[in-house]
Amino acid sequence: MTWLRALKETARTGLTIERTRLEPLVALRGACGVAIVIGLILWWESPPLAVASAFGAFASGIATFQRSWRPRPVLALAAAGGLAVSTFLGYVAAAHPLAFVILLGAWSLLAGMAWAVGPVSGLVATQMVAVMLVTVTLPTSVLGAVHHAALIAFGGLVQAALIVLVPIRPWGAQRDALADAFAAEADFARRLREDPVAPFDPQPLMDARHAASMTPRQARRRPRQLRGYRALAERIRPVLASLADPVVGAPATGPERERVRDLLQAAGTVLDAVAHAIRWGKPVRLPVEAMAVLEVPASGPMLHGAARRSALRLMALLAEVVESADEPLETVAPAHPTPPPAASAAESPAEGTAAARPADRETDRPGEPTGGQPVAQVAPARHTLLRPTVPRLVPLALRAIHRELRWGSPVLRHAMRLAAVACAGYLLGSLLPLGHGYWAPMASVMVMRPDFEQTYARGVARFTGTLVGVALGGAVMALARPGEWVSAGLAVVCVGLMYLLMRTGFTVASACISAYVVFLLGIAGEGWSQTVQDRVGLTLLGGLLAMAAYALFPAWETPKLRDRLADWLQANGRYAVAVFGGHAHPLERRPRHVRDALLDARAARLAWEQSEARAQAEPVRHRGISRRSAGAAQTALSTMGRVTMLLEAHPPDRSAPASPAAEEFAAALRVALPDAADAVRARQPLDWTAVHAALDAWRTREGTDALPVRCAELLVDALDELAGALSRGPGGKNRARRRV
């Protein structure tokens, strides 16, 4: 992609306004926190101190709106503490320009490295740099610096207190994440009706897993409705795919396919009802029609073989996911209520198939046994990923930062860019004959991100939003000439709008912030005309500095695509080895081992997709892999993961005999994976000869009708497609034909 096209695409992205679900009550609560701080300080102290203290409440409120699973009061307090420390250090060094520039550079470097811990930590650290630039414009002594830092911390305390005193869906983020996972599976079930091999984005399931990570205190206080659902959600997805697949499930056409389509539609209805119940904490309400489909009809098409086992397993899982709700089950308007979906006598679990039994429990702690204990009776801790408390997070954060201390790290490069631009912007702003010179480095700091697309998109959005915000704010100040209390009220209104519309796009947020700044400075009695000119000019300067820094010292994702692809191949391979190993030795089958491999495969896939999306927007040539080859390789690896998931949905009974052929196939795949990953990185052809030989031996011993053999054939086809996608010839000389 050329630079011109990249700039056009990033500008379009930055100016895009998205439609999203608004949270007016939460926004009102955050705005009230800012109003309390401004009002009290304006009453007790002076207008300049009210302006400075407002930043603490404002920034702490922004921190609580970020996508984090920690308690919101903790986020507000952590942000306020960091802002207070940043304010104090800035005031102490402000009297000595050289010392302040050195402190600003070091503080910006640390703020940039905070992105290694996570995006929320990076954003809060960025605000710490911004507050250091803003509040030090008021001259004071060391004792006054302590006073100012206390005022900044007071804003965070007010926000935290409001969250505790006025709870608004206190578990809303966790409920939404879990409900989104079930809603995604409901959509997946409906798409499978039309496309039996439809893809599934595992991101909602990953978000639900992250949301389930809690501190011990959270685990003790969470609603019962959030306990146990996620493990069932994880098991429903492969069963849906297995039921719909034309190779391992029902035939592609005929009466059985129609029966499968009805089951998938009913499953989607049930999963949507469960998602709604979780999101709003209400009873599960199921339509009678869906309940009737999830029973075996007295006459009509019957499923056979693997499709029948998948249907039985789906019925059992749907029954459990409904019954595990804390609230009682309700059925919508039935004349004679139908019991929850379950296997009837014609498809009862008494026939001894493993798939007919209720789903094995999967815990989140390694080494714990699985069994048939109902979800609602499982101890809460067994389904909880314990998140470290804030004090215990410190050594983990230090280790994360230490891992990024290497020259090729995008986080380290971002930190170095941030430090250089903050110092350069501060010096330029000080030399220019404009007031508020700190606006230039502050704009740079708020715009810069570790990747190209976000930095450039936010730069365009910041400047555009600033133009709109200062124009509207300046017009109001010029026409109405409000007093300090009216200006404070207008500033609070702008904050409330920013909190409300924050997720619609950075342009809207920037416009609200710019108008907020105009009204805040109006409290201190500064002229609106000078504010407009300075704000626009210095914001443009800061944005240009941020963009130029990334162009001169980039951290491109494009050269890393082959590394990400190789990592995904290895993770997918470990997942496949774990699943086939379970069929090789059913008695030694370890669901936890398979689960860990699946999570690694998902993480590798997400890393690839993020890198590939960033590379698409970068103005550099693809080195080592073209876009067409990258797309074909992604399709092949997605197919590989899907085939493994299909086989995982049909675990062997523990009393089944061992399969030496399956063990040989898993061993051949395990041995071939490291060399294949190295070949992907080195742009060498892939060699799957040993895997083909193991598959041929397996077919010779057990035939081609066994489900594991058919899945192995599909897996090898996907590996051949990967080799073809990465080969140099057109279409790939190593591309294999589909055998099934």
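Taking the Cα centre as origin and putting +1 on Lys and Arg beta-carbons and -1 on Asp and Glu beta-carbons, what dipole magnitude results for the chain, to the nearest 20 debye?
With only Lys, Arg, Asp and Glu charged at Cβ, the dipole is about 900 debye.
Could you state how much accessible area residue 289 has, in square angstrom rounded to the nearest 10, with a 1.4 Å probe and all protein chains kept in place?
Near enough 130 Å² of accessible area.
Here are labelled values, (1) 51, 39, 19; (2) 53, 31, 22; (3) 46, 39, 21, and one is the computed semi-axes √(5λ) of the Cα gyration tensor in Å for what I pasted. Which one?
It is the value labelled (2).
Among 655, 415, 509, whose Cα projects farthest towards the positive end of the dipole of the chain, with charges put on the beta-carbon of Lys, Arg (+1) and Asp, Glu (-1)?
Toward the positive end, the furthest listed residue is 415.
Would you be so kind as to identify which of 236, 210, 167 lies farthest towards the positive end of the dipole of the range 161-260, taking Lys and Arg as +1 and Asp and Glu as -1 on Cβ and the Cα centre as origin?
Towards the positive end, the residue furthest out is 167.
Among 648-658, 388-398, what's the highest-first ranking by average C-beta atoms within 10 angstrom per residue?
The packing order, highest mean first, is 648-658, 388-398.
In whole percent, what relative contact order does the range 99-203 give with Cα contacts below 8 Å and a gap of six or more residues?
12
What percent do you get for the relative contact order of the chain when only Cα pairs under 8 Å and 6+ apart count?
Relative contact order of the chain: 15 percent.
Compute, for the range 602-707, the length of the dipole vector about the Cα centre, with Cβ point charges of +1 (Lys, Arg) and -1 (Asp, Glu) only. Units Debye, rounded to 20.
640
At a Förster radius of 51 Å, what calculated FRET efficiency corresponds to the Cβ-Cβ distance of residue 635 and residue 143, to the nearest 0.05?
For residue 635 and residue 143, the calculated efficiency is 0.20.
Using helices alone, I'd like the mean residue ellipticity at 222 nm for the chain: each DSSP H run of four-plus residues gives -39500 (n - 2.57), total over residue count, nearest 500.
-23000 deg cm²/dmol
Carbon and sulfur together cover what percent of the accessible area of the range 54-195 at a 1.4 Å probe radius?
74
Given 0.36 nm per residue, what is the gain on full extension from residue 667 to residue 563 after removing their alpha carbon distance, in nm? Before the final figure, lay out each step's value.
Values: separation 104, 0.36 × 104 = 37.44 nm, distance 2.38 nm.
Computed gain between residue 667 and residue 563 is 35.1 nm.
At a Förster radius of 45 Å, what calculated FRET efficiency corresponds to the Cβ-Cβ distance of residue 533 and residue 613, to the nearest 0.05?
0.75
What ranking of 236, 17, 36 comes out by heavy-atom accessible area, probe 1.4 Å, highest first? Please report the intermediate quantities before stating the final value.
Working: 236 0, 17 110, 36 65 Å².
Greatest to least solvent exposure: 17, 36, 236.
Express the relative contact order of the range 538-624 as a whole percentage, based on alpha carbon pairs under 8 Å and six or more residues apart in sequence. Present the calculation step by step, with values, prior to reporting the outcome.
Details: 55 pairs, mean separation 40.1, N = 87.
Relative contact order, the range 538-624: 46 percent.
Please arrange 108, 121 by accessible surface area, largest first, computed with a 1.4 Å probe and ligands excluded.
Sorted by accessible area, descending: 121, 108.
Given the Cα-Cα distance of residue 165 and residue 431 and 0.36 nm per residue of separation, how much length would full extension add, in nm?
Answer, rounded to one decimal: 91.1 nm.
Could you rank the peptides 554-561, 310-317, 405-412, 636-643 by their average count of other C-beta atoms within 10 Å per residue, with the highest value first? Walk me through the intermediate numbers first.
Values: 554-561: 19.6, 310-317: 25.4, 405-412: 14.5, 636-643: 22.0.
Result, highest mean Cβ count within 10 Å first: 310-317, 636-643, 554-561, 405-412.
Between beta-carbons, use under 11 Å as the cut-off and find the net charge around residue 271, counting Lys and Arg +1, Asp and Glu -1.
Within the 11 Å Cβ shell, the charges total -1.
I'd like to know which of 286, 584, 26 lies farthest towards the positive end of the charge dipole of the chain, counting +1 on Cβ of Lys and Arg and -1 on Cβ of Asp and Glu.
26
Assuming 0.36 nm per residue, please report the length gained on full extension of the stretch residue 481 to residue 224 beyond their Cα-Cα distance.
Working it through step by step, the gained length comes to 87.1 nm.
Treat each spin label as a single point 7 Å out from the Cα along the C-beta direction, and report the residue 626 to residue 705 distance in nm.
With each label placed 7 Å out from Cα toward Cβ, I get 4.5 nm.
Under the Karplus relation 6.51 cos²θ - 1.76 cosθ + 1.60, θ = phi - 60°, what is the ordered set of whole-Hz ³J(HN,Hα) values for the range 252-264, x standing for Gly and Pro?
Values, residue by residue: 5, 9, x, x, 5, 5, 5, 5, 5, 4, 5, 5, 5 Hz.
What accessible area per residue, rounded to a whole number of Å², is obtained for the chain using a probe radius of 1.4 Å?
42
Quick check: pseudo-label points 7 Å beyond the Cα along Cα→Cβ at residue 16 and residue 201, how many nm apart are they?
1.1
Set the Förster radius R0 to 56 Å, insert the Cβ-Cβ distance between residue 405 and residue 46 as r into 1/(1 + (r/R0)^6), and round the FRET efficiency to 0.05. Numbers along the way, then the final one.
On the way: r = 44 Å, r/R0 = 0.79.
Efficiency at R0 = 56 Å is approximately 0.80.
Which distance in nm do the two modelled labels at residue 28 and residue 304 give, with both placed 7 Å along the Cα-to-Cβ direction?
Label-label distance for residue 28 and residue 304, simple model: 6.3 nm.
The values are calculated or read from the model by the stated rules, or taken from the named source; none is laboratory data. Since this is a predicted model, take the numbers as computed values, not measurements. So basically every Cβ, Gly included, is an ideal-geometry build from the backbone, and we count neighbours across all protein chains shown. Calculation scope for accessible area: heavy atoms of the full protein, side chains included, ligands and nucleic acids excluded. Shrake-Rupley method; radii C 1.70, N 1.55, O 1.52, S 1.80 Å.
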